[in-house]
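So that we are looking at the same thing, I have put the structure below in structure tokens.
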Amino acid sequence: QGRLEALLNFQTMVIDLTGLEIANASLLDEGTAAAEAMSMLADEVKRGEDRSTFFVSDECHPQTIAVVKTRALPLGIQVVVGDWQTFDFHDDVFGALVQYPATDGVVHDYAEFCERAHAAGAGVVVGVQDTGFQLDHEVFAHLDVLATHDFIDDDEDVGIEDGDPESQHRHGTS
């Protein structure tokens, strides 16, 4: 019950911070969340069109790239990994994934990239790392899907006070 409440609160916070119309949260890791977002874009953007390519920035975390490639294979999606600054969107591209901040810690402004993607009819997914610093609202003004990992730390005893097992029930944690 406590995790469900945390997920609902997180979704609400994402909507408030980013201005997105909707948000979804789960206990997925970032790579799986990005792969789910790719699948969602494939269903949404590809309707009535024959598009099968998904671009992934080479500045995404290696484990995220690996999961996206693995999940794309049985779906018949071709994953192209490359430089987001020079990638040329063509008619076959239905979506793209970039990382915020990049795997090397650099924070990029993806506004122009998102504009190029949208002009080509493609959606944009941004993988967000829990950085502990204020997220730039302008970054989220142009994206379509936000993919992030579980912000709940399984190693913490959330809601358990001084080892009192009864407090776990009072706080609704699982």
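FYI, it's all coordinate maths here, none of it is from the lab. Because the structure is predicted, anything quoted here is derived from the model rather than measured. Backbone-built Cβ (ideal geometry, glycine too); neighbour counts: all protein chains shown.
I need the calculated FRET efficiency for the pair residue 43 and residue 106, taking r as the beta carbon distance and R₀ as 30 Å, to the nearest 0.05.
Working from the Cβ atoms, E equals 0.45.
Per 0.36 nm of contour for each residue apart, how much would the distance between residue 86 and residue 50 grow if the chain were fully extended, relative to their Cα-Cα spacing?
On the way: separation 36, 0.36 × 36 = 12.96 nm, distance 2.36 nm.
The span from residue 86 to residue 50 would gain 10.6 nm if fully extended.
Sticking with this one: Where the only charges are on Cβ atoms (+1 Lys, Arg; -1 Asp, Glu), what is the dipole of the range 54-109 about its Cα centre, to the nearest 20 debye?
So the magnitude is around 360 debye.
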